[in-house]
Amino acid sequence: MTQSLQGKIVAITGAASGIGLECARYLIEAGAVVYLLDRDAKTLEDKTAELGSQAHAIIVDLFDYKTVDAAVAQIVEEQGRIDVFHANAGAYVGGNVWEGDPDSWDAMLHLNINAAFRSVRAVLPQMMKQESGDIVMTSSIAGMIPIMAEPIYTASKHAVQAFVHTVRRQVAKYGIRVGAIQPGPVVTPLLKDWDQARLEANIKAGALMEAKEVAEALIFILTRSKGVMVRDLVVLPHNFDA
Ligand code: NAD
């Protein structure tokens, strides 16, 4: 990989695990300085140490908005700017609506929608001041098409898509680009909450992806030329079946 993001200052939420962690790895390989934000302090610190001197850990609970604001302030104090913000953290709850646990929906919706939107809000004033910046949200293929096994998750990711498409238009005049990646099923700890029969069927069909395929998509988005951003990038296994 070329050092195509040499010296770029990047922050990623949900970076202690899965997609966020792999994206951090790829960004570092591309030359970026990466701040990994997560609430899982022990894993975050261990994983950040493994990534070397370009990686920095900040413990953030996205439900406690002050910690996100403080993280942004710390990065700006240390680096003078933030070039890329990857709003990646999210959770998954599936199943039939009539059998679902509304409390677990509330927690997921709070993270996938409110906390994600608040984290983008936290970084915008700095990017507006800089008159530059890239924001990428990890949405899901569930944000593009209705997936029967997961109505509430699908609704949350449709909200992410609507947010991306509208905020992008509000901030374009400040030189800020906003985009989203929509992965299909990726092998990460998030899949532990999938229905087991569905998981086995997907494994059998070879319809699961690895986090590195999402990380490659992120690098692709970020390295487009200045005025151009691939606004939405769907990343799917070839035999994906919703
Ligand atoms: P993951 O469970 O491996 O990682 C999620 C990370 O978010 C964890 O490190 C966790 O500690 C952190 N987190 C959770 N709540 C937090 C909070 N309140 N504050 C700070 N950090 C918090 O999940 P993943 O599969 O890597 O998912 C990342 C994103 O990708 C999510 O938005 C998810 O919806 C999306 N996505 C995942 C898949 C998939 O199949 N894995 C597919 C499409 C989209």
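Report the far tail of the P(r) of the chain, meaning the percent of Cα-Cα pairs longer than 29 Å.
Working: 6863 of 29161 pairs.
In whole percent, the long-distance tail amounts to 24.
Consider all pairwise Cα distances in the stretch 166-242 and report the whole-number % of them above 15 Å. Walk me through the intermediate numbers first.
On the way: 1814 of 2926 pairs.
Above the 15 Å cut-off, the stretch 166-242 has 62 percent of its Cα pairs.
Just subtract the alpha-carbon distance of ASN239 and PHE220 from 0.36 nm times their residue separation and send over the number in nm, one decimal.
Working: separation 19, 0.36 × 19 = 6.84 nm, distance 2.24 nm.
Taking 0.36 nm per residue and subtracting the Cα distance, the gain is 4.6 nm.
Nearest 20 debye, what's the magnitude of the dipole of the chain about its Cα centre given +1 on Lys and Arg Cβ and -1 on Asp and Glu Cβ?
Dipole of the chain, to the nearest 20 debye: 1040 debye.
So what's the projected area for the stretch 133-175, the Cα convex hull averaged over all directions, in nm²?
3.0
Of the residues ALA41, ALA122, ALA180, which exhibits the maximal mean-square fluctuation in a Gaussian network model of the chain defined by a 10 Å Cα contact cut-off?
Answer for the Gaussian network model of the chain: ALA41.
In whole Å and largest first, what semi-axes does the C-alpha gyration tensor of the stretch 102-205 yield when each eigenvalue is scaled by 5 and square-rooted?
Listed largest to smallest, the semi-axes of the stretch 102-205 are 30, 14, 12 Å.
In debye to the nearest 20, how big a dipole does the stretch 123-174 give about its Cα centre with +1 on each Lys and Arg Cβ and -1 on each Asp and Glu Cβ?
Dipole about the Cα centre, nearest 20: 180 debye.
Working out 0.36 nm times the residue gap between ASP101 and LEU191, then minus their Cα-Cα distance, what length gain in nm do you get to one decimal?
The span from ASP101 to LEU191 would gain 30.6 nm if fully extended.
Among LYS157/LYS192; LYS173/LYS212; LYS8/LYS47; LYS66/LYS212; LYS47/LYS173, which pairs are too far apart, with a Cα-Cα distance over 27 Å?
LYS173/LYS212; LYS66/LYS212; LYS47/LYS173
Which value, in debye to the nearest 20, gives the size of the charge dipole of the stretch 1-124 about its Cα centre, when Lys and Arg are +1 and Asp and Glu are -1 at the Cβ?
Using Cβ point charges on Lys, Arg, Asp and Glu, the stretch 1-124 gives about 440 debye.
Between the stretch 173-242 and the stretch 9-80, what is the C-alpha centre distance in whole Å?
First find each Cα centre; the distance between them is then 20 Å.
Calculate, in nm to one decimal, what ASP232 and ALA70 gain on full extension: separation in residues at 0.36 nm each, minus their alpha carbon distance.
Gain on stretching ASP232 to ALA70: 55.4 nm.
Would you mind computing, in nm to one decimal, how far apart the modelled labels at LYS204 and SER53 are, each placed 7 Å from Cα along Cα→Cβ?
5.2
A short reminder: the numbers here are calculations on the coordinates, not readings from a lab. Note that this is a predicted model, so its numbers are computed, not measured. For neighbour counting, all protein chains shown are included, and Cβ atoms are generated from backbone atoms with ideal geometry for every residue, glycine included.
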